[in-house]
1. Cβ contacts < 9 Å: first residue farther than 24 Å from Ala39 by Cβ, restricted to segment 8-28; second residue among the aliphatic types (A, V, I, L, M) and part of a loop (DSSP other than H, G, I, E, B), any location; separation 6+ or different chain. Result?
2. If a residue must be surrounded by fewer than 17 Cβ atoms within 10 Å (Cβ to Cβ), in contact (Cβ under 8 Å) with a residue 24 or more places away in the chain and of a type in the set (Lys, Arg), how many such residues does segment 266-306 contain?
3. Just to be sure before I move on: is Ala182 in contact with a Lys or Arg (Cβ under 8 Å, 6 or more places away or on another chain), assigned to a helix (DSSP H, G or I), in contact (Cβ under 8 Å) with a residue 24 or more places away in the chain and not aromatic (Phe, Trp, Tyr) in the structure I sent?
4. Can you find a residue in segment 37-55 that is surrounded by 22 or more Cβ atoms within 10 Å (Cβ to Cβ), hydrophobic (A, V, I, L, M, F, W, C), touching a Pro at 6+ places or on another chain (Cβ under 7 Å) and closer than 15 Å to Ala124 by Cβ?
5. Among the residues of segment 150-200, what is the count of those that are within 16 Å of Ala140 (Cα to Cα) and at pLDDT below 95?
6. Kindly state which helices (runs of 4 or more DSSP H) lie completely within segment 42-138 and contain at least 2 residues that are of a type in the set (Asp, Glu).
7. Please go through segment 127-167 and give me each residue that is surrounded by fewer than 16 Cβ atoms within 10 Å (Cβ to Cβ) and hydroxyl-bearing (Ser, Thr, Tyr), ordered by number.
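The values are calculated or read from the model by the stated rules, or taken from the named source; none is laboratory data. Remember, predicted model here, so these are calculated numbers, not experimental data. All Cβ positions, glycine included, derive from the backbone under ideal geometry; neighbour counts span all protein chains shown.
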Amino acid sequence: MSEALRPYREPILEELHKAVPAQGPLSILVRYPLGLVDASGRPGPGVGGKLLRPSLACLSCEALGAPVENAVPLAAALELVHVFSLVHDDIQDGDELRRGRPTAWKTFGTAQAINAGDALLTLALRTANRAPLNDTLLTAAAEALLGGTQRMIEGQVLDIELQQQGGETPAYLDMARLKTGALLGCALELGAVAADRGEWATAHRQAGEELGLAFQIQDDMLGLWGNPANTGKPVGSDLQRGKHTFPLALASQEDPDIGRALRRRPVDMDRVMHWLEEMGIRERCAAEAGRRLDAVQAAMGMLPWSEECRRSFAELVDTLVAREA
């Protein structure tokens, strides 16, 4: 975890605990994907992940000179939206593991997992409404949160279409900007709203969306060349189930034979990986992610952030770049 994000973790966790119901069957359904309980309701491993999105909302708020307390409920709300999306994505993708545990649908069944995701989304909206902001800013925050959520869902729609129909790299990048970039953009935008700097909200959102593109390209690379002990999923699992990732979109665009090979089941992993190596796809993906990160840094340089928060953000980007393969 980046040291830049560490100060925000405990306030966000406290807000998340307040957000979810403490008792009843619904409590277990929403607490399980958060990591707060196991399938029987006993204490779980705790909230996993870096809390990247909510922490960015807090960092953005502080960077604009406002108290972080303004942003914490909005940050927690954004994390609940993110977890809602993961619960539903796991159903749609058929994934059986998430952060080393059986996914919600695998644990409780598809119907109850859908209920869990729906509940997480409604809890997000209620949590956002607890932010200590005036009515005008609360309305702006709700619009930002709902807008980011809708863009993220639109990205999921495009992702499923790409899995079914394929597509070249421009189509993939349009999808990733929405599916992954939407909530990262929303995070920075919410921080601007919480700081009452609405004139900078769009610029923050656009910088976050660009960060999302770089993040997704790197994730796709880890799915093919990463260490399963670090990534939490088998190497090539995305490839075997026909998921349209950036490396595969890039390779298929240049060589239709690869596209045809990817549509056969089971996929000939050794053959495809050999093709990718010969074409230098890994290096080209890394270069594209680097260009996106350079664009993020250039965009952030235009924002009226404090120097300390600028350094924290740069440290965060370095941490993302150095994620273990």
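1. Correct list of pairs: Tyr8/Leu51; Tyr8/Ala71; Arg9/Met1; Arg9/Val47; Arg9/Leu51; Ile12/Val47; Ile12/Leu51.
2. Total satisfying the criteria: 2.
3. Criteria met by Ala182.
4. Within segment 37-55, not a single residue is surrounded by 22 or more Cβ atoms within 10 Å (Cβ to Cβ), hydrophobic (A, V, I, L, M, F, W, C), touching a Pro at 6+ places or on another chain (Cβ under 7 Å) and closer than 15 Å to Ala124 by Cβ.
5. Counting residues in segment 150-200 that are within 16 Å of Ala140 (Cα to Cα) and at pLDDT below 95 gives 0.
6. Helices (runs of 4 or more DSSP H) meeting the threshold: 72-93.
7. Thr136, Thr139, listed by residue number.
The rows are residues; the columns are (1) in contact with a Ser or Thr (Cβ under 6 Å, 6 or more places away or on another chain); (2) not polar (S, T, N, Q).
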| site | (1), (2) |
| --- | --- |
| Arg6 | no, yes |
| Leu13 | no, yes |
| Ala19 | yes, yes |
| Gln23 | no, no |
| Gly35 | no, yes |
| Arg42 | no, yes |
| Pro45 | no, yes |
| Gly48 | no, yes |
| Pro54 | no, yes |
